[in-house]
Each structure stands twice: as structure tokens, then as C-alpha cells.
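Student: Before we start, here is the structure in question, set down as C-alpha cells.
The values are calculated or read from the model by the stated rules, or taken from the named source; none is laboratory data. This one's a predicted model, so the numbers in the text were calculated from it and none came from an experiment. Cβ placement follows ideal geometry from the backbone for every residue including glycine, while neighbour counts extend to all protein chains displayed.
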Amino acid sequence: MVSVANLAAAYCMSECKNVSLHEVFLGLQKEMFQRMETVRKTVEHAPSMGDEGEAEWIELFQHFLPKRYQADKAFVVDSNGRISQQQDIVIFDRQYSPFLAKLKKCHYIPAESVYAVLEVKQDLTADHIDYAGEKAASVRALHRTTMPIRHAGGTFKPREHFTILAGLLCHASGWKPTFRKPFAAAMNALEVAKRLDFGCCLEAGSFFTNWETGLPVSRISDKDTSSVSFVLGIIHALQGLGTVPALDMNAYLTPLLQATIRVQEKGRKRPEK
């Protein structure tokens, strides 16, 4: 008996045409560039080129990343009241974790929700690599809670925290050619907490690291596929992390409740007139 699967495979072999994935990706690269150019031309009142660059990349991530992820400029906070340096781009979980706050156009995201942080600069240089690593370290140093997850069949144990990913996004390169000894030296000089996992230089290509093997750079794309290879690569890296741990909301509520109690006690201690 011929199965449906065999019939479908036979039909596909006889009727379906082949497609060049290379051409598909080049078309996607062109679309990405066009979207970034549109943002660059339409961003109004940007205080600096950096703000324009951030807007371009954020729009790109919002459009091409799976919907479980969200990207925005933000500060990252923890339940102990500590706060990171402001991050140009934070890729965070929007499905299982709350958006903590938005005050005066600044976003504050709980550390437990964060998958990755990225710095945006005009040029790829040793100083910018170190600076991106420093900002990433300010996020990785924050405290993260975790909780058991209840499900129909019982309870999953609290999952361990993964290392938050970090990267650098640039338009041009301060090195010609880009990915040679000076670049490798700058990457190798990073302390463990400051290590970058990936990056993209639109005029040179994208790169991905594999620190477990001791290699500062394990994969590099060319400039013709810089943005598409980077977006596809970062999706692969995000998939490798799985889902963020469940956030312990009580850890964030406790300081709020304690502050409320102090205010109430202070009110009771006021002498009557």
C-alpha cells in the first residue's frame, strides 16, 4: 500500500521546482538593508547617529525575530534594586515575563527576562569591543530569581540560569581588513564577564564566537550577507538558550510592600496637632 507521504514525495520530485537558498538569502539581505535605510531616513529628531542606528536595528529585530522575543532600548534591573548601564538593545522574553516599567520613555526590564544585550556603534574598534563587553557585564552581574513551574502533570524544577548573550553592532570597521589579528586580539583581551558572543559590521560581515573551544571567533560571514547571516545566527543562538526561567514575582513585590509599610508606620508616628 502506497502511503500519503510517499505520494507527496513522488509528486514533489516530479512537479516541484528547485530554489536557490543563496538567492533567497540575498533577497532577504536586500530587504533588511531597505528596511534599515527607511528607518534611517524617517527617524525624526534623533539626538545622534547612534540613536538612528539603534532604531534601525530594533526595527529589524522586531520584524524578523520570532514573536516570543522582543527588542528595545532599556535598563535591566533585579529584585535587589540594582540596575545595569543603559543597553542600546535588549532582547527579552515577552511571553512569560512581565515588562517591569516604562517611565519617561525609559524601559526597565527584569534581569530574568533577558536573553541578550547588544551595543550599537558606528565603527568596529578595540575600544568599542571593550565598551560593549563592559555594558554586558553590568547586566550579567545582576541577581536573577527562578521558580518551579506548575503544569498539568506536576511541577518542573526551577531551571538554571543561562549566561546572557552579548554582541556589538556596527556600520563600518576601523580595521582594513576587518577580521584579522587586531580584531582577534581585542576579543581575546575581554574578561570572562565581558565576552561578546556575536556581532555584525554591515560593511564587513558578521561574526559568532565559541568560547567553549577557546576560539574568539568561530564563524564569519562576508559583507554581502552580513545582516541576514547575523539575524539567522542570533535566532539560532537564542534557540539554544531555551526559555527564560520563571520569575519570582514575590522577590520584586517584597521591596514594594516593605516601602508601603514604612510609609504607613511613619504616618502613624506623626504627632497630632
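Student: Only residues that are surrounded by 15 or more Cβ atoms within 10 Å (Cβ to Cβ) and not β-branched (Val, Ile, Thr): list them for segment 135-151, please.
Tutor: Lys135, Ala136, Ala137, Ser138, Arg140, Leu142, Arg144, Met147
Student: What are the pairs with Cβ atoms under 6 angstrom where one residue, in segment 216-229, is basic (Lys, Arg) and surrounded by fewer than 22 Cβ atoms within 10 Å (Cβ to Cβ) and the other, located anywhere, is in a strand (DSSP E or B) and modelled with pLDDT of 80 or more? Sequence gap at least six, or different chains.
Tutor: Arg219/Phe208; Lys223/Gly205
Student: Now a separate question. Give me a count of the residues in segment 182-205 that are in a helix (DSSP H, G or I) and over 14 Å from Thr125 (Cα atoms). Explain how you work it out, then say what you get.
Tutor: Narrowing segment 182-205 to residues in a helix (DSSP H, G or I): 182-188, 192-194.
From what's left, over 14 Å from Thr125 (Cα atoms): 192-194.
The total comes to 3.
Student: Pick out the one residue from Phe179, Phe208 that is of a type in the set (Phe, Trp, Tyr), outside any helix (DSSP H, G or I) and either at pLDDT below 85 or under 15 Å from the mean Cα position of the chain (by Cα) (or both). So that I can check it myself, show each step before the final result.
Tutor: Details: Phe179 fails: either at pLDDT below 85 or under 15 Å from the mean Cα position of the chain (by Cα) (or both).
Only one candidate qualifies: Phe208.
Student: Can you tell me how many residues in segment 108-121 are touching a residue at least 60 places away in the same chain (Cβ under 8 Å) and among the hydroxyl-bearing types (Ser, Thr, Tyr)?
Tutor: Our first condition is that a residue be touching a residue at least 60 places away in the same chain (Cβ under 8 Å); within segment 108-121, this holds for 110, 112-116, 118, 120-121.
Now narrow it down to the ones that are among the hydroxyl-bearing types (Ser, Thr, Tyr): 113, 115.
Number satisfying all stated conditions: 2.
Student: Among the residues of segment 214-240, count how many are assigned to a helix (DSSP H, G or I) and closer than 22 Å to Tyr115 by Cβ.
Tutor: We begin by selecting, within segment 214-240, every residue assigned to a helix (DSSP H, G or I); these are 223-240.
Of the ones still in play, those that are also closer than 22 Å to Tyr115 by Cβ are 226-240.
So the count comes out to 15.
Student: Criterion first (exposed (fewer than 14 other Cβ atoms within 10 Å of the Cβ), among the hydrophobic types (A, V, I, L, M, F, W, C) and at pLDDT below 65) does Leu253 satisfy it?
Tutor: On the way: exposed (fewer than 14 other Cβ atoms within 10 Å of the Cβ): yes; among the hydrophobic types (A, V, I, L, M, F, W, C): yes; at pLDDT below 65: no.
No.
Student: Tally up the residues in segment 134-152 that are out of contact with any strand residue (DSSP E or B) (no Cβ under 7 Å at 6 or more places or on another chain) and under 19 Å from Pro245 (Cβ atoms), please. Can you show your working first?
Tutor: Within segment 134-152, the subset out of contact with any strand residue (DSSP E or B) (no Cβ under 7 Å at 6 or more places or on another chain) is 134, 137-138, 140-141, 143-145, 150-152.
Now narrow it down to the ones that are under 19 Å from Pro245 (Cβ atoms): 140-141, 143-145, 150-151.
So the count comes out to 7.
Student: When segment 156-173 is examined, which residues are found to be part of a loop (DSSP other than H, G, I, E, B) and surrounded by fewer than 19 Cβ atoms within 10 Å (Cβ to Cβ)?
Tutor: From segment 156-173, those part of a loop (DSSP other than H, G, I, E, B) are 157-164; that's our starting set.
Selection gives Lys157, Pro158, Arg159, Glu160, His161, Phe162, Thr163.
Student: If you don't mind, another one. For residues in segment 122-163 being acidic (Asp, Glu) and in contact (Cβ under 8 Å) with a residue 12 or more places away in the chain, which is farthest from Gly174 (Cα to Cα)? Lay out the reasoning, then the answer.
Tutor: Of segment 122-163, the ones acidic (Asp, Glu) are 123, 127, 130, 134, 160.
Now narrow it down to the ones that are in contact (Cβ under 8 Å) with a residue 12 or more places away in the chain: 123, 130, 134, 160.
Numbers: Asp123: 6, Asp130: 14, Glu134: 20, Glu160: 39 Å.
Selected residue: Glu160.
Student: Scanning for something in a helix (DSSP H, G or I) and touching a Lys or Arg at 6+ places or on another chain (Cβ under 6 Å), does segment 142-154 turn up at least one residue? Spell out the reasoning first.
Tutor: First pass over segment 142-154, keeping only residues in a helix (DSSP H, G or I): none.
There is no residue in segment 142-154 that is in a helix (DSSP H, G or I) and touching a Lys or Arg at 6+ places or on another chain (Cβ under 6 Å).
Student: Considering only segment 195-212, state which residues are over 13 Å from Ala116 (Cα atoms), in contact (Cβ under 8 Å) with a residue 24 or more places away in the chain and either touching a His at 6+ places or on another chain (Cβ under 9 Å) or not hydroxyl-bearing (Ser, Thr, Tyr) (or both). Give the steps one after another, and end with the answer.
Tutor: So in segment 195-212, the residues over 13 Å from Ala116 (Cα atoms) come out as 200-212.
If we keep only those that are in contact (Cβ under 8 Å) with a residue 24 or more places away in the chain too, we end up with 200-208.
Selection gives Cys200, Cys201, Leu202, Glu203, Ala204, Gly205, Phe207, Phe208.
Student: Being in a strand (DSSP E or B) and surrounded by 15 or more Cβ atoms within 10 Å (Cβ to Cβ) is true for just one of Glu112, Glu119. Which residue is that?
Tutor: Details: Glu112 fails: in a strand (DSSP E or B).
The match here is Glu119.
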